[in-house]
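Chemist: Structure below; questions to follow.
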Amino acid sequence: QVHFVESGGGLVQPGGSLRLSCASSDNIRSFNNMGWFRQAPGKQRERVAKISPGGFTNYLDSVKGRFSISRDDAKNTVYLQMNSLKPEDTAVYYCNSDPIPLNWGPGTQVTVSS
């Protein structure tokens, strides 16, 4: 049973940056794509970025040009670099396989506030 553990969240001011990490207990090359998702209070979980085994990426329109997803297959880790953060980016961030998610990890809280 695969486990994902997210880390790197925190409190940051608008315009700031954070780098999230997601460690997988299994070889991430065994999955189709890997994605980063987020869920804000009272809202549905949404995918913000995904990356294919070949490194092709796709982003939610609202984060294009600000977020960057990457992967290190040797470390079974996926990253999300988040720049120019906005208050509306506040959410719990999760990683998972995509398009079929497996077990959800605990997530990491990102709060953007002055």
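Chemist: Could you name the lysines whose alpha carbon sits less than 22 Å from that of LYS86, not counting residues in the same chain fewer than 8 places away?
Modeler: LYS43, LYS50, LYS64
Chemist: Continuing with this model, one more query. Give the carbon-plus-sulfur fraction of the accessible surface of the chain in %, rounded to a whole number; probe 1.4 Å, heavy atoms of protein chains only.
Modeler: It is 48 percent, rounded to a whole number.
Chemist: If you don't mind, another one. Identify the chymotrypsin sites (Phe, Trp or Tyr not before Pro) of region 19-114 meeting these criteria: DSSP loop state and at most 15 other C-beta atoms within 10 Å of the C-beta.
Modeler: PHE56, TRP104
Chemist: I would also like to ask the following. With a 1.4 Å probe and every protein chain left in place, work out the accessible area per residue of the chain in Å², rounded to a whole number.
Modeler: Details: 5920 Å² over 114 residues.
With all protein chains present, the chain gives 52 Å² per residue.
Chemist: Then there's this: With N set to the residue count of region 1-81, report its C-alpha Rg divided by 2.2 N^0.38 Å to two decimal places.
Modeler: 1.10
Chemist: Whole angstrom only: what separates the Cα centroid of region 20-40 from the Cα centroid of region 56-114?
Modeler: 9 Å
Chemist: Continuing with this model, one more query. Roughly speaking, what is the stretch gain from LYS43 to LYS64, that is 0.36 nm per residue apart minus the C-alpha to C-alpha distance, in nm to one decimal?
Modeler: Residue separation times 0.36 nm, minus the Cα-Cα distance, leaves 5.5 nm.
The values are calculated or read from the model by the stated rules, or taken from the named source; none is laboratory data. Everything quoted here is computed from the prediction, not taken from an experiment. Cβ atoms come from the backbone with ideal geometry, glycine included; neighbour counts cover every protein chain shown. To get the accessible areas, we keep the full protein, side chains included, count just its heavy atoms, and leave off ligands, DNA and RNA. Shrake-Rupley method; radii C 1.70, N 1.55, O 1.52, S 1.80 Å.
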